[in-house]
Each structure stands twice: as C-alpha cells, then as structure tokens.
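This report concerns only the one structure given below.
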Amino acid sequence: MSETAELSIADPEAVNAAANTAVNQCLAVEADETCVVVTDDTRKPIGEAIYRAALEATDDATIVRYPPGPQHGAEPPAPVAAALAEADVFLAPTTKSITHTRARSDATAAGARGSTLPGITEEVFTVGLDADYEAIAAECAAMLERVKGADEIRVTSPQGTDITFELGDRPWNDDTGIVHEPGEFSNLPAGEVFISPISADGTYVVDGTIRPHGRLEDGQTVTFEVDDGVVTSVSDEAIRSDLETAAEEAGENAYNLAELGIGTNIGVNELVGSVLLDEKAAGTVHIAVGDDAGIGGDIDAPIHMDGILCEPTVFVDGEAIELPTAE
C-alpha cells in the first residue's frame with residue numbers, strides 16, 4: 001500500500017474488536033480519564049475505530065490527525081506533542097513510528113500512559129490484538145529473569161551473526177501490552193524484552209523483516225558491521241540511503257547501535273512483513289540502529305531502524321538461554 005493512500009478496511013467487525021481490546025484490556029481506559037488518539041491521514045480508519053472504542057469508555061476522548069511523518073522516529077507536529085502531554089491515556093496508530101520521539105517520552109515522563117501502533121495495518125491490528133496479553137506478560141517476566149544482571153549478551157545465527165553487546169548499568173525493559181499505570185508505555189501489538197546497550201562489536205545478519213523491504217525473501221539477508229557501538233557498514237543500498245538521510249540531521253548518531261530486543265509474543269508464529277508485529281514474534285531477536293534516548297540510552301536521532309533475526313542463539317554471560325516458542 002502506498003503511504004499516500006488511505007488504509008482500506010476489509011473487516012470492520014474484526015477491526016472494531018481489536019480496537020476494543022486495545023482500549024479496554026491493554027489500556028484500561030476509565031470513565032474519568034482523558035484519552036487522545038493520535039493518527040495520520042493514511043491510518044485514519046484504524047484511528048477512528050480506536051476513537052469510537054475510547055468514546056465507549058470515556059466521554060473525554062479526542063482524535064488528532066496529521067500528515068504522515070517523513071520517517072520513523074521523526075518528531076510529530078508541536079500540537080500533536082501537546083495533545084500527548086495533556087492526556088491521561090494516548091493511543092497512536094500512525095504510518096511512521098513516534099515510539100522513539102521526545103514527544104512520546106516526554107508525555108510518559110509527565111505521567112501519561114499509552115501505546116503506539118507504528119505502521120499498523122488491518123492484518124497486524126486484528127492478528128496482533130487477538131492475543132492473551134496476560135500470558136505475554138508472563139513470558140516477558142520469565143525472560144527478564146534470564147537476562148537481568150547480565151554484563152554481556154552475545155547473539156549468533158546460522159546466517160553469520162556474531163555480535164556481543166556490553167550492557168553496563170542500562171535497564172532492561174519489557175513491552176507487555178498491559179498499560180494500566182501512570183507513565184507506562186507499550187507498543188501494540190506487544191511482546192518483547194529489550195535494552196539499549198552501552199556498546200557492541202561484531203556482525204549481525206537480518207534474515208527476517210526490515211524497513212523499507214518488509215519481509216525478506218528466502219535466502220535474502222542484510223548484513224551490518226558494528227564497531228564500538230557504531231554501525232560501520234550495511235550491505236543494502238536502500239537501508240544505507242535511509243541512514244545517510246538521517247545522518248544529514250544527526251551525524252554519527254544515526255549509526256548508533258541502539259537496541260537489542262527478544263520477542264516474547266507466543267501468539268505470533270509467522271512473520272508477516274511488519275516490523276511492529278514481527279519483532280514481537282516469540283524466539284526472534286531484533287537489533288536496531290539510531291535513536292535510543294526513549295529506551296534508556298542517550299543518543300538522539302531521527303531514525304530507529306529494527307532488523308529481525310529469525311534463528312538466533314542468545315548467550316547471557318557465556319551461557320545459552322532458552323527463548324520463547326510460539327503456541
């Protein structure tokens with residue numbers, strides 16, 4: 001679908017059910033709360049479905065719409081940032097991700113709780129929200145137990161990945177989809193445990209999903225070389241171009257090795273070509289380049305590019321750990 005074309009809805013009933021799950025189970029919007037839905041021109045139908053569900057939960061619901069941002073991680077317009085900051089609860093189905101923006105992190109720092117749904121499609125929305133989020137939260141808790149306190153994580157794969165992450169005292173985060181307390185935040189669909197490492201060295205080979213390509217074809221890979229926490233080489237021309245564009249604004253920060261994540265959504269058993277959903281798939285690992293200030297790091301950049309590894313082995317301080325498996 002062109003990002004200038006409005007998303008069309010084939011199954012309104014399923015979309016409305018997913019919107020109700022997001023508003024009621026995941027965000028638990030209450031009658032005395034303010035709720036803002038932030039969307040853009042191409043994701044308007046999903047935004048409006050969430051807005052209708054929010055109006056069933058509270059009379060104080062608002063929808064704000066703007067043209068799609070230029071790239072993932074770009075700041076939304078100032079009025080949108082203000083709406084996020086003023087709400088008790090927010091949901092943001094948008095074409096370009098605002099997850100790793102100051103607007104989002106400032107809103108949650110001020111006490112708003114919310115979820116972003118970047119690049120959401122009808123398929124991802126209905127499949128990803130048809131899930132047992134209490135079970136996903138339990139998987140996140142189990143994974144946190146396996147990785148907490150680690151000094152070093154190493155990831156390998158049959159495709160040629162061999163990269164080691166230095167963690168320092170950076171905190172691990174979980175994305176459970178259960179967002180009930182002030183200041184809490186989650187992507188939707190959810191299901192991952194992640195960290196912003198202080199450094200990394202080695203090679204990682206994406207064989208799953210990565211923007212702008214979506215789901216890579218069988219045998220197709222993208223190789224990243226990393227030295228001292230900075231991506232120094234990318235094998236794919238289109239991805240290099242996106243990073244170069246971000247570097248025009250942010251310099252070397254655009255090449256920062258930003259994130260290591262482990263998928264814990266046991267309801268996702270097949271990659272569909274959406275980073276939003278595929279990075280949550282149980283048993284996968286995703287590694288991101290660019291901005292990490294919203295997830296415990298200190299690098300600002302107008303890009304956050306995730307790449308998904310389908311067959312990773314994860315070593316915690318030298319010991320291989322068990323990864324979740326899909327149901």
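Rule-based calculations on the coordinates, nothing more; no lab input. As the structure is a prediction and not an experimental result, all values here were calculated from the model. Counting neighbours? That spans all protein chains shown, and the Cβs are built from the backbone with ideal geometry, glycine included.
Worth pointing out:
- Between the stretch 229-265 and the stretch 81-110, the alpha-carbon center distance in angstrom: 23
- For the stretch 70-75, Karplus couplings with θ = phi - 60° (6.51, -1.76, 1.60), whole Hz, Gly/Pro x: x, 6, 5, x, 6, 5
- With the charge dipole of the stretch 133-320 set up from +1 on Lys and Arg Cβ and -1 on Asp and Glu Cβ about the Cα centre, the Cα lying farthest toward the positive end among the listed residues ALA150, THR176, GLY307 is that of THR176.
- The angle separating the long axis of helix 237-250 from the principal Cα axis of greatest extent in the chain is about 70 degrees.
- Residue-count net charge about PRO45 - beta-carbon cut-off 12 Å; Lys, Arg +1, Asp, Glu -1: -2
- An oblate overall shape is assigned to the stretch 28-86, the ratio a/c of its alpha-carbon gyration tensor axes (a ≥ b ≥ c) being 1.5 or greater and a/b not exceeding b/c.
- Selected from VAL80, GLY283, GLY294, residue furthest toward positive end of dipole (the chain; charges at beta carbon): VAL80
- When Rg and the Kirkwood Rh are both derived from Cα coordinates, the Rg/Rh ratio for the stretch 12-128 amounts to 0.93.
- Identified option (computed volume of the Cα convex hull per residue in Å³; candidates [x] 117; [y] 176; [z] 155): [x]
- Shape category assigned to the stretch 133-320 from the gyration tensor of Cα positions, a/c cut at 1.5: rounded
- The chain, relative contact order in percent, only Cα pairs under 8 angstrom and at least six apart counted: 16
- Of all DSSP beta bridges in the chain, antiparallel share, percent nearest 5: 70
- Whole-Hz Karplus values for the stretch 129-142 come out as 8, 8, 8, 8, 6, 5, 5, 5, 4, 5, 5, 4, 4, 5 Hz, taken residue by residue from phi with 6.51 cos²θ - 1.76 cosθ + 1.60 and θ = phi - 60°; glycine and proline positions read x.
- R0 of 51 Å, Cβ-Cβ distance GLU319-GLU244: FRET efficiency to nearest 0.05: 0.85
- Here the convex hull built on the C-alpha positions of the stretch 222-297 has a volume of 109 cubic angstrom per residue.
- Charge sum, other residues only, whose C-beta stays under 10 Å from ALA258's C-beta, Lys/Arg counted +1 and Asp/Glu -1: -4
- The dipole here belongs to the chain: it is taken about the Cα centre, uses +1 on the Cβ of Lys and Arg and -1 on the Cβ of Asp and Glu, and is about 500 debye.
- Rounded to the nearest 20 debye, dipole of the stretch 133-320 from Cβ charges on Lys, Arg, Asp, Glu: 440
- Gaussian network model of the chain, Cα within-10 Å springs - most flexible of ALA82, ALA22, ALA281: ALA82
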